[in-house]
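*Asks:* Starting off with a structure, shown below.
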Amino acid sequence: MSGYTVGWLVWLAALVALEGSALVNKKPGDTLSEHVWKWFAVKSRGRFAGFRRAVLLMGLAWLAGHFLFPDRF
C-alpha cells in the first residue's frame, strides 16, 4: 500500500469522523453541507452570491466530469 493510499484513507476516515460528530450533535452549521452552503451563499444572498454559486457549479461539474470521464480530465 503506497503512502498516498494511506494518506487518502486517513483523510477519508477524518472526514467520516468529523461529519459523524456533526450529525450526532445536531448543532446547526456543523456539517460539510452547511459549510458549503454558507461558503458559496447557496441559502442566502451574501456578497458576490452569484459568482460564488457559479464557482461551486463549475467545480462540481468538473468533479463529475473527472470521475465519469477519467481520460478527458
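*Asks:* Under 6 Å between Cβ atoms, at least 6 apart or on separate chains: pull out the pairs that start in the range 20-49 with a residue that is at pLDDT below 95 and end on any residue that is aromatic (Phe, Trp, Tyr).
*Replies:* What qualifies is 43/37.
*Asks:* Is it the case, given these coordinates, that residue 7 is assigned to a helix (DSSP H, G or I), of a type in the set (Gly, Ala, Ser) and either exposed (fewer than 10 other Cβ atoms within 10 Å of the Cβ) or out of contact with any Asp or Glu (no Cβ under 8 Å at 6 or more places or on another chain) (or both)?
*Replies:* Spelling it out, residue 7 is indeed assigned to a helix (DSSP H, G or I), of a type in the set (Gly, Ala, Ser) and either exposed (fewer than 10 other Cβ atoms within 10 Å of the Cβ) or out of contact with any Asp or Glu (no Cβ under 8 Å at 6 or more places or on another chain) (or both).
*Asks:* Ok, one more. When the range 23-50 is examined, which residues are found to be under 27 Å from residue 12 (Cβ atoms), among the small types (Gly, Ala, Ser) and in a helix (DSSP H, G or I)?
*Replies:* Once the filter is applied, which keeps residues that are under 27 Å from residue 12 (Cβ atoms), among the small types (Gly, Ala, Ser) and in a helix (DSSP H, G or I), the range 23-50 yields only 33.
*Asks:* Which of the residues spanning the range 10-41 are β-branched (Val, Ile, Thr) and open to solvent by 60 Å² or more (accessible area, probe 1.4 Å)?
*Replies:* 10, 16, 24 - these are the residues of the range 10-41 that are β-branched (Val, Ile, Thr) and open to solvent by 60 Å² or more (accessible area, probe 1.4 Å).
The values are calculated or read from the model by the stated rules, or taken from the named source; none is laboratory data. Everything quoted here is computed from the prediction, not taken from an experiment. Glycine also receives a Cβ, built like all others from the backbone with ideal geometry; neighbour counts cover every protein chain displayed. When the accessible area is computed, the model is the full protein with side chains, heavy atoms only, and any ligands, DNA or RNA have been set aside. Shrake-Rupley method; radii C 1.70, N 1.55, O 1.52, S 1.80 Å.
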